[in-house]
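Working notes, structure below.
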Amino acid sequence: MASSLTTMEKMLLFHKLERDLFHRLVHDLAQDPAAMRWVIALWLWFESVGHHDFIRRVAALPGPVVLRFVEEAIACLRCLASPGQGATAASDGDGCDRRLPCTNALLAEPINDVASFQGRREVLDGVIHQHKNICLAVCNVGNNTTCMPSSNTGSVPATPPRATVSSPIIRATPRVAPLPLNPMATSFPLNPMASPWIPIMQSPLPDDYRSLFITFSKGYPISKEDIMEFFNSVFGPCIETVMVEKVAPGQQPVYGRVVLRSAAMIPVVLDGRQTAKFLIKGRHLWARIYIPSTRLSDA
């Protein structure tokens, strides 16, 4: 009976998604457990401030794409842990692009770059809270935690330590490459016997999770054929289908939906922004992540 469950058992059930993702990161994707607790703490903080379902949507992605999110989270944590050297820590001193293309694709409001976390004490306190009260309890390597963590943290670091966010497993992962994403070029410690992962060949997710919502300027719609031709020519064969608003005779559609072959292409097409603007044959098209709420016709 549910009433007989202990506080810890209820907590483990409530955070099953986080536990499963932690297990996947550590066991399937060979990441460092201590660092992954801080990563999940950051993602929990995102959700606590209004970026809902962030973890669920990350967990639904293929491994190489999840690791891109991890890499961006590590950059944010590194900046939080080094408030006096945010810009340097964010780019590792090599001028690397410090944007967060994958992370921003799932945020309600985009973050300019990792340096935005510099000196943000309220963010640091929020992440520490999630780490101490949730991640230390539910993100267990064996998933067999049976008691709540003690209030005396002992040797548990109170903040994301440099040693954690700069651990060998993090240094071993490549920096975020310039867009477009190229998971085949990465060297993450994945199973060498696994089949190659190619975004345009996989469709593991429902259409809703692989879609962009598009709008046109009023009176200037764009045909489905022109939209498909444009995106496929710019980003490669990434479009599965295009749908536009079904309208009455004599009226013109003002919105539509683009279904991508892979969810991994969403941050590529949006270039890490909440909304992207394109010019197709002299007409403007705006695109953002699709949230199921409108009726579209594929006719």
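The values are calculated or read from the model by the stated rules, or taken from the named source; none is laboratory data. Only a predicted model underlies this, so the values are computations on that prediction, with no experimental measurement involved. So basically every Cβ, Gly included, is an ideal-geometry build from the backbone, and we count neighbours across all protein chains shown. Remember, those area values only see protein heavy atoms, side chains included, never the ligands or the DNA or RNA. Shrake-Rupley method; radii C 1.70, N 1.55, O 1.52, S 1.80 Å.
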Quiz item: Using modelled amide H (1.01 Å from N, peptide plane; none on Pro or chain starts), what sits under 5 Å from the amide H of VAL254, excluding residues fewer than 5 places away?
Solution: GLU245
Exercise. Could you tally the net charge around ARG56, taking each other residue with its Cβ under 12 Å from the Cβ of ARG56, Lys/Arg +1 and Asp/Glu -1?
Key: -2
Practice problem: Can you spot the aspartates and glutamates whose alpha carbon is less than 18 Å from LYS16's alpha carbon? Ignore those fewer than 8 places along the same chain. | Solution: ASP28, GLU47, ASP53
Quiz prompt | Hits among lysines - C-alpha to C-alpha of LYS224 under 18 Å, sequence gap 8 or more where chains match | solution = LYS246, LYS277, LYS281
Quiz item: How much accessible surface area, in Å² rounded to 10, belongs to the heavy atoms of THR103 with a 1.4 Å probe?
Solution: 0 Å²
Self-check item: Environment charge of THR215, counting only residues whose C-beta is closer than 11 Å and scoring Lys/Arg +1, Asp/Glu -1
Solution: +3
Practice problem: Whole number in Å², please: accessible area per residue of the stretch 212-261, 1.4 Å probe, ligands, DNA and RNA not counted. | Solution: 50 Å²
Quiz item: What percentage of the solvent-accessible surface of the stretch 200-258, computed with a 1.4 Å probe over protein heavy atoms, is contributed by carbon and sulfur atoms?
Solution: 55 percent
